[in-house]
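Here's the structure, in structure tokens; my notes come after.
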Amino acid sequence: MDFGHSPKVEALLTRLKAFMAQHVYPNEALFDAEVAENRRKGNPWVPTRIMESLKETAQAEGLWNLFLPDSEYGAGLGNLEYAPLAEVMGRSPIAPEVFNCSAPDTGNMEVLVRYGSEEHKRQWLLPLLEGRIRSGFAMTEPAVASSDATNIEARIVREGEHYVINARKWWTSGAPDPRCKILIFMGKTDPDGADRHRQQSMILVPMDTPGVRVVRALTVFGYDHAPHGHGEVDFDNVRVPVSNVLLGEGRGFEIAQGRLGPGRIHHCMRLIGLAERALELMCRRAMLRVAFHRPVADQGVTRERIANARLLIDQARLLTLNAAWMMDTAGNKVAKKEIAMIKVAAPAMACQVIDWAMQVHGGAGVSDDFPLAHAYAHARTLRFADGPDEVHRHQIAKLELARVAAAGG
């Protein structure tokens, strides 16, 4: 396997890094200030002017929709080629959206590319690709342990040429965002079916459908991530056309597995960039601060943590690149162990590196004067998103046991 960058990726990396330096990093504070101003006015759930401006600039410069592999709609990059680009974008909390490469839209666009009808693509995929709307993914439920997707209780009942949906969902990313116009919803069309993995279906639910109500925006360690955020959403006798179902009844679990593979690896790619920035901040702070008559960078414990951070980041990067290579060469299903491994390793790595960086910053590290507290909240959340650590560890162990058993062990 060769993890070197192709000339195409090198050129994109150069342009992307230049764009980040010129446009993204200098405007992070302006983005936060605009959200804060909207909050003072009583409504933080308003798209910011700076974000819309940055998106226009990125699109004009051709740094747009870089994530879609094997598709006429994207940049034609494989997962391995996209990895270093996603890492660079992951360094800033606002960057993925700037380039139209942020969750949950990336995963939803991939679903529409793979499983949507031509009408679905015309109505929803194209506006998403153009950055004119945003989307949400409604799968997790507050009443059940949603780490086991067969537990979901949402009902999708056919009545003539419509489906009627009743459910309560939460952690629906993007639901509070006024730009969110479409949800991909997972529920049960055949709750009594013998095959527990064929009971579920996925269906497109426009946000303006009668009966869809955002109950509240959820916070993560006190952050509501306005203006996008995560929402708890109630579905009360919501009626959508039968044509809104994706791929057909009973195919929801299959679609979920196809969607979550790329989504998981994208999260890990971005986390590596986030950890790299945390390490850089830690080094700068350690060199500038003096404690007990010498720079913090000269303290043995600090140097040990800096060294261990470098080890952890590079290990996670190599695991992620290996998983991306497996996805490109053997397919997402064959790479399921590698994807599960990085989904455990990358968030744990990022949490540890960011924690060490906060420790070097002292009290400032847990304030919003630096980006570390927000970064930690994000990284810690990703130990749940797209499946908790425990589920992925279980799958890794199961596959290892099967491998040894097959070898006669």
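Nothing in this text is a laboratory measurement; each read-out follows from the coordinates by a stated rule. Because the structure is a prediction, the values reported are computed rather than measured. So basically every Cβ, Gly included, is an ideal-geometry build from the backbone, and we count neighbours across all protein chains shown.
In terms of packing, defined here as the mean over residues of other Cβ atoms within 10 angstrom, the peptides 172-181, 236-245 line up highest first as 172-181, 236-245. Restricting the range 90-191 to GluC sites (Glu not before Pro) that sit in a DSSP loop and have at most 10 other Cβ atoms within 10 Å of their own Cβ leaves Glu161. Counted over the range 134-246, the DSSP beta bridges are approximately 85% antiparallel.
Stretching Ala21 away from Glu61 to a fully extended chain increases their span by 12.9 nm, per 0.36 nm per residue minus the current alpha-carbon distance. Label-to-label distance for Arg196 and Leu288 is 5.3 nm, based on points extended 7 Å past Cα in the beta-carbon direction. For the range 96-243, the square roots of the Cα gyration tensor eigenvalues, ordered a ≥ b ≥ c, give a/c of at least 1.5 with a/b no greater than b/c, which places it in the oblate category. In nm, to one decimal, how far is the modelled label at Val242 from the one at Ser53, with both set 7 Å along Cα→Cβ? Spacing of the two 7 Å Cα→Cβ label points: 5.1 nm.
Separation of the range 134-190 and the range 197-262, taken as the distance between their Cα centroids, equals 4 angstrom.
The structure shown yields Cα Rg over 2.2 N^0.38 Å, and of the options (i) 1.00; (ii) 1.43; (iii) 2.38 that calculated value carries the label (i).
Evaluating 6.51 cos²θ - 1.76 cosθ + 1.60 at θ = phi - 60° for every residue in the range 395-404, the Karplus couplings come out as 5, 4, 5, 4, 5, 5, 4, 5, 5, 5 Hz, glycine and proline recorded as x.
Here the sum of -39500 (n - 2.57) over DSSP H runs of 4 or more residues, divided by the residues of the chain, equals -15500 deg cm²/dmol at 222 nm, to the nearest 500. Stretched out straight at 0.36 nm per residue, the stretch from Phe384 to Lys398 would grow longer than its current Cα-Cα span by 3.1 nm. Each DSSP beta bridge with both residues in the chain is either parallel or antiparallel, and the antiparallel ones are about 85%. Taking Gly42, Gly107, Gly62 in turn, the Gaussian network model of the chain (Cα-Cα springs below 10 Å) assigns the largest fluctuation to Gly42.
If you take the square roots of the eigenvalues of the alpha-carbon gyration tensor of the range 1-135 and sort them as a ≥ b ≥ c, do you get rounded (a/c under 1.5), prolate (a/b over b/c) or oblate? Oblate shape, in that a/c is at least 1.5 and b/c is the bigger or equal ratio.
Dipole of the chain computed with +1 at Lys/Arg Cβ and -1 at Asp/Glu Cβ about the Cα centre; of Ala297, Asn100, Asn79, farthest Cα towards the positive end is Ala297. Annotation for Arg40 and Asp208: the two label points, set 7 Å from Cα along the Cα-Cβ direction, are 3.3 nm apart.
This ranking places Met89, Met51 by how few other beta-carbon atoms lie within 10 Å of each, fewest first, which gives Met51, Met89.
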